[in-house]
Amino acid sequence: MNLQRLEGFYWVAKTQGYARAARAFPYPITQPGVHQQVRRLEEELNVKLFERVGKDRVVLTPRGQVLFDAVVGFFEQLPVIEARVRGGVVGGTLKMHAAGHLLRHLVPEWLRRLQLKRPDITVALTDVQTADLSLLRSGETDVLIDWLPEIPPDIATREIGRTEGWIVAPSHGPFAQKGKLTLSALAAVPFIAYHSDRTLKGLQLEALRQHDVRAREAFAADSSDTILGFVAAGLGFSLVPWLTAAGPKLAGVVAQKLERPAASFPIYAAWRKGSGLHPLVEAALEVAPSR
């Protein structure tokens, strides 16, 4: 169906008359022009859309009502959409992917500010195990929130926080630790490593190497939260990056900042570079956390 003919149909249905429709149009058009649009639409559909009930008044037929119900929302929203586009204010769904502990400790306050400022934006959140930039390149996500070991030229970023390395060990069971934690003292305790994220696992192993510790890798997990769950269960110790200055807080876990090597990693909001910044991404960045 031709959009111009649907527009003529919409205005006639809304005003219940061809002359009134011509006057209501958002651009100049004659009454015969409106009449021609409706006539061609009726010919195209092979149905009668209006019936005359007065000298200059028409009403919808039952089939015309079905068509009007289908198109009214679109035409009613056009002025609002135009104003938003012209003013750079575009609502919709913003897709965000982030590591689990960032979703819990960094993202909620950010989204609260975004909701207060832009209630027309819905955010779809997904927990990811690794910082997979292909999610941005494919359009599966609009914003990826994570630590990135390197930033390729097609990806734009903004630092929104920092994580630091922490030693985490059980507070109960056969491997319970008391007092100050040292990696050398934990050498005989089973080690819990990252599984999917090779970069984080590499950082773990490098920290152990610098302390001349050859830990026995007993378990592997895909996220910091899962690793902490294993530690809380008394299965072993690990090294994890953490966002908050107080470190991981979980029953059954003792945590201590890793002082050597001093491990500090920037957390980025990353998005795909293009001809212009996505309006929803721009709105989110306006209220994004600062370091």
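Only the coordinates and a few stated rules stand behind these numbers; no lab work does. Keep in mind that what you see is a predicted model, and the values were worked out from it rather than measured. In this analysis, Cβ positions are derived from the backbone assuming ideal geometry, glycine residues included, and neighbour counts consider all displayed protein chains.
If you average 1/r across every pair of different Cα atoms in the stretch 45-125 and take the reciprocal, what Kirkwood value do you get, in Å?
Evaluated on the stretch 45-125, it is 16.9 Å.
Pull up the cross-link candidates among the lysines for Lys48, meaning alpha carbon to alpha carbon under 26 Å and not fewer than 8 places away within one chain.
Result set, ordered by chain and number: Lys14.
Taking θ as phi - 60°, what are the ³J(HN,Hα) couplings along the stretch 45-61 by the Karplus curve (6.51, -1.76, 1.60), each to the nearest whole Hz, with x for Gly and Pro?
Per residue, the Karplus-derived 3J(HN,Hα) values read 8, 6, 9, 9, 9, 10, 10, 7, 10, x, 4, 9, 9, 10, 10, 6, 6 Hz.
For Val123, enumerate residues with amide H under 5 Å from its amide H, sequence gap 5+ or separate chain, H modeled in the peptide plane.
Residues meeting the amide H criterion: Leu94.
By count of other Cβ within 10 Å, fewest leading, how are Val47, Val53 ordered?
Details: Val47 14, Val53 9.
Sorted ascending by nearby Cβ count, the order is Val53, Val47.
Taking the chain as a Gaussian network, where each spring joins two C-alpha atoms under 10 Å apart, which residue of Tyr18, Tyr27, Tyr268 fluctuates the most?
Per the Cα network of the chain with a 10 Å cutoff, Tyr27 tops the list.
Which lysines, on any chain, are close to Lys201 with Cα under 23 Å apart, when same-chain ones fewer than 8 places away are left out?
Lys249, Lys257
Kindly provide the Kirkwood hydrodynamic radius of the stretch 3-87 in Å, to one decimal, from all pairs of distinct alpha carbon atoms.
This gives a value of 13.2 Å.
In a solvent-free Debye calculation with one equal scatterer on each Cα, what is log10 I(q)/I(0) for the chain at q = 0.08 Å⁻¹, listed in the order of the q values?
For the chain at q = 0.08 Å⁻¹, log10 I(q)/I(0) is -0.55.
How high is the relative contact order of the chain, in percent, with contacts defined as C-alpha pairs under 8 Å that are six or more residues apart? Provide the component values of the computation, followed by the final result.
On the way: 475 pairs, mean separation 59.1, N = 291.
20 percent.
Enumerate the amide H contacts of Ile267 below 5 Å, restricted to partners 5 or more residues apart or on another chain; note that Pro and chain-start residues carry no placed amide H.
Those qualifying (amide H under 5 Å, at least 5 residues apart or on another chain) are Ile160, Gly161, Arg162, Thr163.
Which lysines does Lys95 reach when only Cα atoms under 25 Å apart count, and residues fewer than 8 places away in its own chain are ignored?
Within the straight-line cut-off, Lys95 pairs with Lys117, Lys273.
What ranking, highest mean first, results for peptides 124-131, 67-74, 251-258 when packing means the other Cβ atoms within 10 Å averaged over each residue?
Most protected by this proxy first, the peptides run 251-258, 124-131, 67-74.
Starting from the Cα of Glu109, step 7 Å along the direction of its Cβ; do the same at Arg216; then give the gap between the two resulting points in nm.
With each label placed 7 Å out from Cα toward Cβ, I get 4.2 nm.
Using only the alpha carbons of the stretch 196-239, determine the length spanned along each of the three principal axes and report them from longest to shortest in whole angstroms.
27, 21, 13
Can you order the peptides 113-123, 222-232 by their average number of other Cβ atoms within 10 Å per residue, highest first?
222-232, 113-123
Arranged from highest to lowest average of other beta-carbon atoms within 10 Å per residue, in what order do the peptides 202-208, 172-178 appear? Working shown, then result.
Numbers: 202-208: 17.6, 172-178: 13.0.
Output ranking for 202-208, 172-178: 202-208, 172-178.
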